[in-house]
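Participant: Let me give you the structure first, and then I'll get to my questions.
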Amino acid sequence: MNKVLSLILILLLALTACGTQEKEETATPQEKKTEEGTNAAKEEKTNKRELTAEDEQFSKLIVEKNYEEVVKQTVSLKTESQKDFYYIASAFIKNNENQTKTYDPADLTAMKTDYQVIVNYINRVKFVPDEIKAEVEGLKTSAEEKVAEADKQLTK
């Protein structure tokens, strides 16, 4: 009985391995996108979304610095717009938390991590309306500078 189970297990593993190998070999060049090509397509797609009433509403709340309300309304993440504004609002909330937080100069890892969270949130955003673009880019630049500064201090 053990021999039969062992044989079945070996055959199953062999068939599974062969199945995935064949699929990889038959992939067309279109399916083998380079990371650079994928990123370029993503950048192109980023700026092409039309502003909806929902976008305008969320933009207005961001301009008014009502980030908590944006998060409440977008937490379902049902649409691309909701995802984008959820990440934008979350980045601003995290930045506000970081501004009030005091960091131990001996342990800059916490600061680096907190500011890296902001950068990660903003990197997930696919579309930023023009009326808040400068604020979002400024926040991202500031957070990246803080991460670089903490990195520099940690490598000393």
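The values are calculated or read from the model by the stated rules, or taken from the named source; none is laboratory data. Keep in mind the model is a prediction, meaning the values are calculated, not measured. Virtual Cβ from ideal backbone geometry, glycine too; neighbours counted across all protein chains shown.
Participant: For region 120-131, what are the residues that are of a type in the set (Val, Ile, Thr) and surrounded by fewer than 20 Cβ atoms within 10 Å (Cβ to Cβ)?
Facilitator: Val125
Participant: On the given criteria, is Lys133 under 20 Å from the mean Cα position of the chain (by Cα), free of Cβ contacts under 8 Å to residues at least 24 places away in the same chain and under 20 Å from Glu50 (Cα atoms)?
Facilitator: So Lys133 passes the test.
Participant: Assess whether Ser6 counts as being in contact with a helix residue (DSSP H, G or I) (Cβ under 8 Å, 6 or more places away or on another chain), at pLDDT 75 or above and polar (S, T, N, Q).
Facilitator: The answer is no for Ser6.
Participant: Restricting attention to helices (runs of 4 or more DSSP H) lying wholly within region 57-139, give those where 3 or more residues are within 22 Å of Leu154 (Cβ to Cβ).
Facilitator: Those helices (runs of 4 or more DSSP H) span 80-100, 109-124.
Participant: Moving to a separate point now. Being farther than 20 Å from Val63 by Cβ and without any contact (Cβ under 8 Å) to a residue 24 or more places away in the chain is the filter here, so list the residues in region 118-130 that pass it.
Facilitator: Asn120, Asn123
Participant: May I pose another question? If I filter region 62-77 down to residues being free of Cβ contacts under 8 Å to residues at least 12 places away in the same chain and more than 16 Å from the chain's Cα centre (by Cα), which single residue comes out as nearest to Glu131 (Cα to Cα)?
Facilitator: Once the filter is applied, the top-ranked residue is Glu64.
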